[in-house]
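K.L.:
Dumping the structure here so I can ask a few things about it.
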Amino acid sequence: MVDADWDVTDSRGGDLALRFGGVVRRYGRHLALDHLDLEVRTGEMVALLGPNGAGKSTAIALLLGLLRPHEGTIEVLGTTARQAVAQGSVGAMLQTGSGSGLPPGVKVSEALALVRRLYRQPASFEATVERAGIGPLLGSRTNALSGGEAQRVRFALAIAGDPKLVFLDEPTVAMDVDGRRTFWRMMRQFGEEGRTIVFATHHLEEADQSADRVVVINHGRVVADGPGATLKAAVAARHVRFVAADPDPDRYDRLEGVTDVEVCGAGVTLISLDADATARDLVRSGIPFKDLEVTGACLEDAFVALTGRACRDEPGRPL
Amino acid sequence: MSALSAFARFELVRLLRSWKFLAITVGFPVIFYMLFLGERRSGAIIDGTVPWRVYLMVSMCTFGALVAALNAGGSRLATERATGWARQLRITPMPAWSYVVTKVTASMLVVLPVLVLVELVGFTFGGVRLAVIQWFALTGLLWTTALPFAVLGVFVGFMVNAETAYPVVTALMFVLGYFGGLFNPVNQMPQALQSAAKALPSFHHAFLGLEFLSGQTLGAVNWLVLAGYTGVLGLALLWKYRLEESRGLA
């Protein structure tokens with residue numbers, strides 16, 4: 001393992017709940033995380049948003065010490081990932097594929113009682129039951145639960161140790177609409193107690209509605225990072241393309257709705273939050289153009305447009 | 001420590017509540033004992049001093065220990081690894097090694113009542129009569145020497161997946177049982193099979209019990225083979241566990 005050189009004396013160090021410094025993780029030849037840099041501060045509720053295979057689950061496995069990075073450093077609650085887990089300060093709900101993630105052949109109450117016993121300072125049994133809303137399920141056998149119920153029980157197990165930091169990997173995957181709404185309400189309450197929550201999702205809506213901050217991950221890198229409330233607007237972003245005689249970016253930058261301008265030869269691409277207004281303004285400006293075309297921007301572009309944070313400049317490094 | 005004992009108790013409760021597990025572990029050795037008891041064969045594998053019903057009781061104790069350990073470790077462990085429960089435990093403060101140690105311990109704990117039960121059947125139906133101290137000593141001997149079976153069971157649980165677990169466990173049960181001379185005394189087998197038997201832990205486990213009951217000194221070779229199996233399987237288990245750990249699977 002090669003330690004990335006990052007500044008240990010970061011002034012915000014004390015507030016950091018976790019930090020990735022140039023983390024690389026491969027699976028064979030596949031690069032799952034490509035020099036990932038990310039910091040999450042204490043008390044934040046952060047969504048890791050990205051398509052399947054973007055590296056979200058790998059990032060969470062690394063934060064839990066289930067995997068080790070091939071390069072770079074990971075700091076969790078001021079220590080290593082493994083140490084943070086051993087201290088009982090971290091809880092998590094992982095993806096379990098087709099399995100329930102629960103021990104077969106016991107009652108929900110027994111599974112919860114056991115997991116509490118594994119922590120030195122667990123949350124009270126009643127508080128955990130209340131927070132996860134599993135009161136009615138306590139007497140059920142774990143193998144008799146529906147998918148959504150099992151998810152709630154797994155959430156209870158994730159928070160049974162009274163963790164400061166919680167990771168949730170696609171936590172609402174088996175839930176219906178009502179279940180999701182209830183789940184996120186409980187989650188918000190839990191987060192309001194000063195805890196840090198990081199969850200992975202590929203649902204834009206979920207990230208937008210539930211997180212304070214959305215980190216878009218793709219191909220193992222952070223491609224965008226910003227507040228969740230602006231996400232909805234971000235997906236409305238469009239590419240306005242045309243061919244112009246005068247490809248001077250400054251002329252287009254002030255057109256209505258435009259957040260970014262790319263010029264390639266005579267071709268101009270405007271990234272706009274309001275394509276109609278941009279087109280109108282373009283006509284009004286009297287700039288000659290032809291071959292006007294409006295297309296949907298991808299999420300990544302939309303995010304760049306909105307947050308002003310460009311994708312990292314260097315191309316993907318080879319393995 | 002209280003965390004570990006809580007986990008061990010939890011595991012034991014789960015085992016004893018499982019009807020499938022109980023039916024197989026208790027059913028097999030007891031039913032086989034009753035079935036084969038009627039055969040008035042010589043069980044004389046040591047100087048003709050051990051009657052058939054005693055040979056059969058010791059053999060079925062070994063078989064029972066084997067079945068209990070392979071089922072407690074093997075198939076159940078594979079299943080719970082597939083459900084994601086094993087991974088959930090990995091992200092609690094419970095140290096990683098204690099998952100494996102607890103599994104082996106739980107297997108050992110369920111082996112004990114199986115031994116007692118087979119001995120009880122030997123006493124009531126087989127008419128086996130021993131001094132009280134001998135019953136205790138035999139149970140203690142067969143129990144402690146069942147450790148390689150417990151380690152084998154957990155190792156198998158790490159090697160197989162939920163689909164392959166049952167065939168693999170069943171095959172091991174009968175290979176170790178039959179070729180280990182548990183259904184048929186080894187010296188009544190063809191020569192080739194006799195040497196094969198002597199390479200298996202099941203043979204040496206039962207043989208220690210028979211030696212003890214026939215009043216002979218317990219063979220160092222038998223102890224060594226069992227200790228060797230425990231060591232090799234323990235190392236293999238450690239290797240497999242480390243490997244899965246580094247891949248984030250364990």
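K.L.:
About its Cα centre, how strong a charge dipole does region A:10-154 have in debye, to the nearest 20, once Lys and Arg get +1 and Asp and Glu get -1 at the Cβ?
P.N.:
Result for region A:10-154 is approximately 460 debye, rounded to the nearest 20.
K.L.:
Please give the per residue accessible area of region B:133-246, computed with a probe of 1.4 Å over protein heavy atoms only, in Å².
P.N.:
Here the residues of region B:133-246 average 44 Å² of exposed surface.
K.L.:
Then there's this: Below 8 Å, C-alpha to C-alpha, sequence gap of six or more: please give me the relative contact order for chain B in percent.
P.N.:
Averaging sequence separation for qualifying contacts and normalising by length gives 25 percent for chain B.
K.L.:
Ordered by residue, what ³J(HN,Hα) values in Hz, to whole numbers, does region B:227-242 give under the Karplus form 6.51 cos²θ - 1.76 cosθ + 1.60, where θ = phi - 60° and Gly and Pro are x?
P.N.:
With the stated coefficients, region B:227-242 comes to 5, x, 4, 4, x, 5, 5, x, 5, 4, 5, 4, 4, 5, 5, 4 Hz.
K.L.:
How much net charge surrounds residue B:221 when only other residues with a Cβ under 13 Å from its Cβ are counted (Lys, Arg +1; Asp, Glu -1)?
P.N.:
Overall, the nearby charge balance is 0.
K.L.:
Using R₀ = 25 Å, calculate the FRET efficiency as 1/(1 + (r/R₀)^6) where r is the Cβ-Cβ separation of residue B:97 and residue B:162; round to 0.05.
P.N.:
Efficiency, rounded to the nearest 0.05: 0.60.
K.L.:
Accessible area of residue A:130, 1.4 Å probe, to the nearest 10 Å²?
P.N.:
So the heavy atoms of residue A:130 present about 150 Å² to solvent.
K.L.:
Hey, can you grab everything whose amide H is under 5 Å from the amide H of residue A:162? Only 5+ residues off in sequence or another chain; H modelled, so Pro and N-termini drop out.
P.N.:
A:123
K.L.:
Determine the gain in length on full extension of the stretch residue B:136-residue B:192; use 0.36 nm per residue of separation and subtract their C-alpha separation, reporting nm with one decimal.
P.N.:
16.6 nm is the gain from fully extending residue B:136 to residue B:192.
K.L.:
Using only the alpha-carbon atoms, how far is helix A:147-159 inclined from the longest principal axis of chain A? Give it as 0 to 90 degrees, nearest 10.
P.N.:
80 degrees
K.L.:
So for region B:3-246, what percent of the C-alpha to C-alpha distances run longer than 28 Å?
P.N.:
30 percent
K.L.:
Using only protein heavy atoms and a 1.4 Å probe, report how much of residue A:259 is accessible, in Å² to the nearest 10.
P.N.:
Rounded to the nearest 10, that gives 50 Å².
K.L.:
Which of A:151, A:111, A:167 sits farthest toward the positive end of the charge dipole of region A:107-170, with +1 on the Cβ of Lys and Arg and -1 on the Cβ of Asp and Glu?
P.N.:
A:111
K.L.:
So, one more: Determine how large the accessible area of residue B:195 is when every protein chain is in place; take a 1.4 Å probe and give Å² rounded to the nearest 10.
P.N.:
For residue B:195, solvent-accessible area is about 70 Å².
K.L.:
Over the residues of region A:48-204, compute the C-alpha Rg and express it relative to 2.2 N^0.38 Å.
P.N.:
It is 1.01.
K.L.:
Pop the C-beta distance of residue A:245 and residue A:177 into the FRET formula with R0 = 56 Å and round what comes out to the nearest 0.05.
P.N.:
Once the sixth-power term is evaluated, E becomes 0.60.
K.L.:
Something else now. Between residue B:144 and residue B:35, what's the calculated FRET efficiency when r is the beta-carbon distance and R0 is 22 Å? Round to 0.05.
P.N.:
For R0 = 22 Å, the calculated efficiency reads 0.20.
K.L.:
Give, in whole angstrom and from largest to smallest, the semi-axes √(5λ) of the equivalent ellipsoid of chain A, with λ running over the eigenvalues of the Cα gyration tensor.
P.N.:
42, 23, 16
K.L.:
For the protein assembly as shown, which whole-number percentage of the solvent-accessible area (1.4 Å probe, protein heavy atoms only) is attributable to carbon and sulfur atoms?
P.N.:
Carbon and sulfur together cover 59 percent of it.
K.L.:
Treating the beta-carbon of each Lys and Arg as +1 and of each Asp and Glu as -1, no other charges, what is the dipole magnitude of region B:3-246 about its Cα centre, to the nearest 20 debye?
P.N.:
The calculation lands at about 400 debye.
K.L.:
Provide the packing ranking of B:93-103, A:117-127, i.e. peptides ordered by the mean count of other C-beta atoms within 10 Å per residue, highest first.
P.N.:
Averaged packing, sorted descending, gives the order B:93-103, A:117-127.
K.L.:
Another one. Quick one: how many lysine pairs does the protein assembly as shown have with C-alpha atoms less than 27 Å apart and a gap of 8 or more or different chains? Give me the count, please.
P.N.:
Count of close lysine pairs: 9.
The values are calculated or read from the model by the stated rules, or taken from the named source; none is laboratory data. Quick caveat, the model's predicted, so the values are computed rather than measured. All Cβ positions, even for glycine, are placed from backbone atoms using ideal geometry, and neighbour counts span all protein chains on display. Side chains are part of the model used for accessible areas, which takes the heavy atoms of the whole protein and leaves out ligands, DNA and RNA. Shrake-Rupley method; radii C 1.70, N 1.55, O 1.52, S 1.80 Å.
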